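Undergrad: I have a structure here, written as structure tokens, and I will follow up with some questions on it.
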Amino acid sequence: MDNGKRYRLTVNGSWLTVIGSWLTVNGYWLLANGYWLLAIGYWLTAIVAEAQTFTIERKTDSLYVLTLTTDSLTNGQDVALQSTRDQWRLPYPVYRMETGDVDGNGTIEALVGVIKPTRFYPEMGRRLFIFKNYEGLVRPMWLGSKLGGTLQDFHFRNGCVRSLETNAKGEYTVVEYRWSGFGVAFERYLTRNVSESKAREVFEE
């Protein structure tokens, strides 16, 4: 083979190598974007499949109804969105209701403040109940009798239950609790043994 042919083969071989590298790079790019689009699809499906809403309705001063509405996808010949509703009766006065992901599993729970006596604390008092979505049904997750002090109010902030509590001296404390697997556990004090006005400033932050 003469030098001219050898040169042309070398040049064309380099050209084919460049084309091969380009196809490889673009193949990885297409694959990466394919995975990205697939992830988006799963994300959108998850949003629709797990969409849920907790609401509460006052029937009388001592009867409230907690309702869970869940949207789900059905896969048949056509993809359809179906809504289900389940309810839980609360035969007590309710002083607050909030929602949030209490246990960090990506599902929203309902935190309901009720006024009632309990087995171990027979006097009327403010309690905290937490309800979860169990396969489209409202089910108790935690029915708290008492926190550290006497519960006056609560919020759900940054993954924690924030409580406003009083002690036997009438002093106010703001505490944060975090879900521990079987209930809420102490996380930290935000303020302790202060006046109501000072405590409420911190509580509402």
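The values are calculated or read from the model by the stated rules, or taken from the named source; none is laboratory data. Nothing here was measured: the structure is a model prediction, and the numbers come from that model. Positions of Cβ are backbone-derived with ideal geometry, glycine not excepted, and every protein chain shown enters the neighbour counts. All accessible areas refer to the heavy atoms of the entire protein, side chains included, with ligands and DNA or RNA removed. Shrake-Rupley method; radii C 1.70, N 1.55, O 1.52, S 1.80 Å.
Undergrad: Give me a count of the residues in the stretch 180-205 that are at positive phi and in a helix (DSSP H, G or I).
TA: Adding up the residues that qualify gives 0.
Undergrad: If Gly34 satisfies every condition in (1) at pLDDT 60 or above; (2) surrounded by 10 or more Cβ atoms within 10 Å (Cβ to Cβ) but one, which is the exception?
TA: Condition not satisfied by Gly34: (1).
Undergrad: Out of the residues in the stretch 89-121 that are in a loop (DSSP other than H, G, I, E, B) and of a type in the set (A, V, I, L, M), which is surrounded by the fewest Cβ atoms within 10 Å (Cβ to Cβ)?
TA: Only one residue tops the list, namely Ile108.
Undergrad: Residue by residue through the stretch 167-179, note down the ones that are in a loop (DSSP other than H, G, I, E, B) and open to solvent by 70 Å² or more (accessible area, probe 1.4 Å).
TA: Scanning the stretch 167-179 gives Ala168, Lys169.
Undergrad: Assuming Leu147 fulfils every condition listed in (1) among the hydrophobic types (A, V, I, L, M, F, W, C); (2) touching a Leu at 6+ places or on another chain (Cβ under 8 Å); (3) outside any loop (DSSP other than H, G, I, E, B) apart from one, which condition is it?
TA: Exception for Leu147: condition (3).
Undergrad: Scan the stretch 110-122 and tell me whether some residue there is farther than 20 Å from Leu68 by Cβ, within 20 Å of the chain's Cα centre (by Cα) and at pLDDT 95 or above.
TA: no
Undergrad: Whether any residue in the stretch 133-143 is among the charged types (D, E, K, R) and open to solvent by less than 30 Å² (accessible area, probe 1.4 Å) is what I want to check.
TA: no
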